[in-house]
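Have a look at the structure below before the remarks.
The values are calculated or read from the model by the stated rules, or taken from the named source; none is laboratory data. For clarity, every value in this text was computed on a predicted model and none was experimentally measured. Cβ sites come from the backbone with ideal geometry, for glycine too, and all protein chains shown count toward neighbours.
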Amino acid sequence: MSITGIKGMNDILPHDIAAWQFLEQQARQIFHTYGYKEIRVPVVEKTELFSRSIGETTDIVEKEMYTFVDKGNNSITLRPEGTAPVMRSFIQHKLYNEANSSKLYYMGPMFRYERPQKGRYRQFHQIGAEVIGQDDPRIDAQVLAMLSHFFTAVGITNVSLQLNSLGCNACRPDYRRTLIEFLTQRLDALCDDCKRRYSTNPLRVLDCKAAGCKEATATAPSVLDNLCTECEEHFHKVQHHLNALEVPYEINNRMVRGLDYYTKTTFEMVTTALGAQNAVAAGGRYDGLIQELGGPALPGIGFAMGVERLVLLLDTHKLKAPVPQLFIAALGERAQQESFVILNRLQHQGIYAEMDFSGKSLKAQMRLANKLDSVYSIVLGDNELEAGTVSLKRMADGTEMNIELHTLAASITAALDGEEA
Ligand code: HAM
């Protein structure tokens with residue numbers, strides 16, 4: 001029996017790659033205009049990095065991490081997200097001493113042992129961005145403006161930005177206590193998961209999809225009514241700046257995040273088009289994380305987008321993998337050899353050219369040219385080689401143009417320019 005891939009881990013096949021490359025290229029282009037630099041960190045880290053940053057009582061750390069003991073007896077984990085590794089690297093390499101390294105972006109695979117379904121996988125990909133060292137609410141608004149700009153640029157419009165504040169070390173403990181008190185009186189109505197976690201991670205109960213939990217928490221105290229003055233002011237200013245930048249958003253005081261490092265502003269870009277997996281991007285502030293990981297007391301804010309979910313929302317019909325610009329059909333042995341050399345020359349000149357090496361008949365070679373969707377083709381035989389001319393055929397309508405063989409590259413380039421114009 002042949003070996004198949006691992007459940008929840010997908011191949012990204014050539015016919016799907018155009019969408020991925022388009023999203024990555026748009027992200028790079030947009031992030032660069034906002035001053036972000038790319039960072040690449042390993043896919044495995046010490047387990048402790050994630051348990052300390054994401055939080056021991058979160059679903060990710062409790063249930064979803066791919067954790068192994070390596071041959072050196074170290075506990076290592078396939079990264080379930082990108083923020084903690086990027087902060088680890090930022091601290092380790094003292095990037096805070098470099099003027100140009102405070103806005104970082106990354107793209108790559110993440111791993112969570114979740115139950116796979118549409119839009120939820122065990123290996124998935126994120127494109128993320130982080131800003132370190134600035135707590136000005138204008139930064140929060142600018143990060144969200146960039147995120148929103150990205151969605152517009154790639155043509156994904158059926159999303160809405162949900163905004164909340166989760167407070168800080170000064171106000172969240174009080175809110176947590178208030179919420180636990182509220183939940184204690186309604187324990188019977190909560191699902192088993194929430195009964196277990198209401199005292200360790202009470203905010204998660206607000207986010208539970210179980211009908212009983214939703215009903216029981218309908219009148220729960222709002223985090224936004226329990227912010228300290230500083231958090232309240234910050235949240236107010238973020239909204240003011242979002243309005244100034246004309247970034248649409250909705251306040252959602254029940255939006256909590258599945259990672260513990262957040263403070264103040266949190267957000268999710270959600271869609272109704274993907275069923276239960278409604279978050280296409282998410283993030284927020286994490287003003288205590290860098291210090292918690294042993295670095296200086298610097299604030300941070302960022303987001304990550306789920307690339308598989310973006311691909312599902314993308315209008316892909318205009319995105320095409322590159323097709324050959326020229327197909328060379330060769331007739332006879334001498335033409336085969338000449339074609340082989342010409343093909344290589346064209347490729348050196350930046351022209352995407354193809355030919356057949358399996359000795360197909362002329363008819364079969366032309367069928368292949370059609371299948372590959374080649375824009376132009378030529379048929380090269382002894383006659384063409386002797387005359388030094390060849391007929392350049394436009395595959396879409398069969399129109400032909402006689403050209404000198406030694407001008408092939410220039411003629412194709414000119415013809416392709418004409419196609420684009
Ligand atoms: P997160 O909400 O855990 O945040 O993940 C961000 C996004 O990754 C989600 O909104 C979703 O689109 C995608 N995603 C998460 N899990 C899966 C999965 N199993 N399958 C497919 N897509 C998934 C973080 O990871 C934070 N590090 C974001 C952040 C950056 N916060 C600050 N900076």
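Values for this structure:
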item: Residue count, the range 221-246 (criterion: surrounded by fewer than 19 Cβ atoms within 10 Å (Cβ to Cβ) and hydrophobic (A, V, I, L, M, F, W, C)); result: 4
item: Output for the range 384-406, where each listed residue is out of contact with any strand residue (DSSP E or B) (no Cβ under 7 Å at 6 or more places or on another chain) and loosely packed, with under 13 Cβ neighbours inside 10 Å; result: Glu386, Ala387, Ala396, Asp397, Gly398, Thr399, His406
item: Residue check for Gly302: buried (at least 18 other Cβ atoms within 10 Å of the Cβ), at pLDDT 95 or above and within 11 Å of the ligand (Cβ to nearest atom); result: yes
item: Long-range neighbours under 9 Å by Cβ, at least six apart or interchain, first residue closer than 12 Å to Leu326 by Cβ and at pLDDT 95 or above within the range 394-420, second among the basic types (Lys, Arg) and part of a helix (DSSP H, G or I); result: Leu408/Arg345; Ala409/Arg345
item: Elements of type strands (runs of 3 or more DSSP E) in the range 279-348, at least 3 residues being touching a helix residue (DSSP H, G or I) at 6+ places or on another chain (Cβ under 9 Å) and closer than 30 Å to Ala369 by Cβ; result: 326-330
item: Residue match in the range 165-177 (condition: in a strand (DSSP E or B) and surrounded by 17 or more Cβ atoms within 10 Å (Cβ to Cβ)); result: yes
item: Tally of residues being more than 24 Å from Glu420 (Cα to Cα) and assigned to a loop (DSSP other than H, G, I, E, B) across the range 349-376; result: 6
item: Filter result for Asn278 (under 24 Å from Thr152 (Cβ atoms) and more than 23 Å from the chain's Cα centre (by Cα)); result: no
item: Out of Ile156, Ile139, Ile127, sole residue that is within 14 Å of the ligand (Cβ to nearest atom), crowded, with 16+ Cβ neighbours inside 10 Å, in a loop (DSSP other than H, G, I, E, B) and of a type outside the set (Asp, Glu); result: Ile156
item: In the range 267-280, residue nearest to Gln126 (Cα to Cα) [restricted to those that are within 12 Å of the ligand (Cβ to nearest atom) and surrounded by fewer than 24 Cβ atoms within 10 Å (Cβ to Cβ)]; result: Ala279
item: Residue match in the range 240-259 (condition: without any contact (Cβ under 8 Å) to a residue 24 or more places away in the chain, over 22 Å from Gly167 (Cα atoms), more than 15 Å from the ligand (Cβ to nearest atom) and not small (Gly, Ala, Ser)); result: yes
item: Any chance Glu98 is acidic (Asp, Glu), more than 16 Å from the ligand (Cβ to nearest atom) and surrounded by fewer than 18 Cβ atoms within 10 Å (Cβ to Cβ); result: yes
item: Pair list, Cβ under 7 Å, 6 or more apart: the range 109-120 residue acidic (Asp, Glu), other residue near the ligand (Cβ under 9 Å from one of its atoms); result: Glu114/Glu64; Glu114/Arg120; Glu114/Arg122
item: Cross-chain or 6+ apart pairs with Cβ under 9 Å, the range 269-297 first and touching a residue at least 40 places away in the same chain (Cβ under 8 Å) and of a type in the set (A, V, I, L, M, F, W, C), then near the ligand (Cβ under 7 Å from one of its atoms) and in a loop (DSSP other than H, G, I, E, B); result: Leu274/Gly119; Ala276/Gly119; Val280/Gly119
